[in-house]
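**Student:** Quick one: this structure, given as structure tokens, is what I'll be asking you about.
The values are calculated or read from the model by the stated rules, or taken from the named source; none is laboratory data. Here the structure is a predicted model, which means the values were calculated and not measured. Counting neighbours? That spans all protein chains shown, and the Cβs are built from the backbone with ideal geometry, glycine included.
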Amino acid sequence: MPIPDDATLTRRGHAVTQPDGRILVLACGALAREILALIDLNGWSHVDLHCLPAILHNRPDRIPDAVEQAVTQHRPGYARIFVAYADCGTGGLLQATCDRLGVQMIAGAHCYAFFDGLAAFAARDEVTAFYLTDFLARQFDTFVWKPLGLDRHPELRDMYFGNYDRLVYLAQTEDAALTEQARACAERLGLTFERRFTGYGDLATELARGLLA
């Protein structure tokens, strides 16, 4: 499958245009590249991918309704639907929605938790760390800098990030340029930079478990 550009994944997501699989992965647009890579790597020819706009992360209250609408729309065409979202700030509402609809979703609080590894992430309990993934490093201005008004009012930095001491970049790929981009994000926020290579982390195992169940 072709990989959409980040701007499209942010605002429009990624629609299934030629359904030919038995299972649909319904995911956040921020995970599209990683999920498409795993589909290709594992030869999951029975799997299609449909992504909702990644920008929904800035309004998590809208995620459960968007997921329900997409499940309702696509359910007739598939034997099973797997939801590739963590809780993502919905306060348990997404899990409740998936339970009511009878679809499985990924465990964990956020995408960076399953990239880091759910057990490792919980054990670290890094309450003073701000996280970026590959996608969020590329889309830092769209998801962080501009929505928080820091492009217009940099003095707001302390209000938003005064309780953080470092930015942790959870890297899915070995990309020197992207690492420098993430480092620059840390500098803009006045935070210590840490890079942690995760690869696909528990996303790979959770997907495999969900798709082969």
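**Student:** Counting only residues that are in contact with a Cys (Cβ under 9 Å, 6 or more places away or on another chain) and farther than 11 Å from Thr133 by Cα, which one in the stretch 168-206 is surrounded by the fewest Cβ atoms within 10 Å (Cβ to Cβ)?
**Tutor:** Only one residue tops the list, namely Phe193.
**Student:** Asp20: assigned to a strand (DSSP E or B), in contact with a strand residue (DSSP E or B) (Cβ under 8 Å, 6 or more places away or on another chain) and either within 27 Å of Thr198 (Cβ to Cβ) or among the charged types (D, E, K, R) (or both), yes or no?
**Tutor:** It is false that Asp20 is assigned to a strand (DSSP E or B), in contact with a strand residue (DSSP E or B) (Cβ under 8 Å, 6 or more places away or on another chain) and either within 27 Å of Thr198 (Cβ to Cβ) or among the charged types (D, E, K, R) (or both).
**Student:** Now for a different question. On the given criteria, is Leu49 in a helix (DSSP H, G or I) and within 25 Å of Leu132 (Cα to Cα)?
**Tutor:** Here the answer is no, as Leu49 does not meet what is asked.
**Student:** Of the residues Ala27, Ala54, Ala79, Ala66, which single one is on the phi < 0 side of the Ramachandran plot, over 20 Å from the mean Cα position of the chain (by Cα) and touching a residue at least 12 places away in the same chain (Cβ under 8 Å)?
**Tutor:** After applying the criteria, what remains is Ala79.
**Student:** Quick one: Val67 ticks every box in (1) within 20 Å of His14 (Cβ to Cβ); (2) surrounded by fewer than 17 Cβ atoms within 10 Å (Cβ to Cβ); (3) among the β-branched types (Val, Ile, Thr) bar one, so which box is it?
**Tutor:** All conditions pass for Val67, except number (2).
**Student:** Suppose we filter the stretch 148-193 for residues that are outside any helix (DSSP H, G or I), out of contact with any Asp or Glu (no Cβ under 9 Å at 6 or more places or on another chain) and over 19 Å from His110 (Cα atoms); how many remain?
**Tutor:** 9
**Student:** If we scan the stretch 106-119, do we find a residue that is out of contact with any helix residue (DSSP H, G or I) (no Cβ under 9 Å at 6 or more places or on another chain), of a type in the set (Val, Ile, Thr) and at pLDDT below 95?
**Tutor:** no
**Student:** Taking the stretch 108-130, which residues are in a loop (DSSP other than H, G, I, E, B) and surrounded by fewer than 14 Cβ atoms within 10 Å (Cβ to Cβ)? Don't jump to the end; show me each part of the working.
**Tutor:** If we filter the stretch 108-130 for residues that are in a loop (DSSP other than H, G, I, E, B), which is where we start, we get 108-110, 117, 125-128.
Answer for the stretch 108-130, where residues must be in a loop (DSSP other than H, G, I, E, B) and surrounded by fewer than 14 Cβ atoms within 10 Å (Cβ to Cβ): Asp125, Val127, Thr128.
**Student:** Can I ask one more? Considering only residues of the stretch 131-147 that are within 15 Å of the chain's Cα centre (by Cα) and either among the polar types (S, T, N, Q) or not in a helix (DSSP H, G or I) (or both), which is farthest from Ala37 (Cα to Cα)?
**Tutor:** This residue is Thr142.
**Student:** Okay, next question. Quick one: which residue in Leu9, Leu36, Leu31 is touching a Gly at 6+ places or on another chain (Cβ under 9 Å) and under 20 Å from Gln139 (Cβ atoms)?
**Tutor:** The conditions single out Leu9.
Yes/no per residue for (1) modelled with pLDDT under 95; (2) closer than 15 Å to Leu211 by Cβ:
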{"residue": "Arg22", "(1), (2)": "yes, yes"}
{"residue": "Arg33", "(1), (2)": "yes, no"}
{"residue": "Trp44", "(1), (2)": "yes, yes"}
{"residue": "Arg62", "(1), (2)": "no, no"}
{"residue": "Glu68", "(1), (2)": "no, no"}
{"residue": "Pro76", "(1), (2)": "yes, no"}
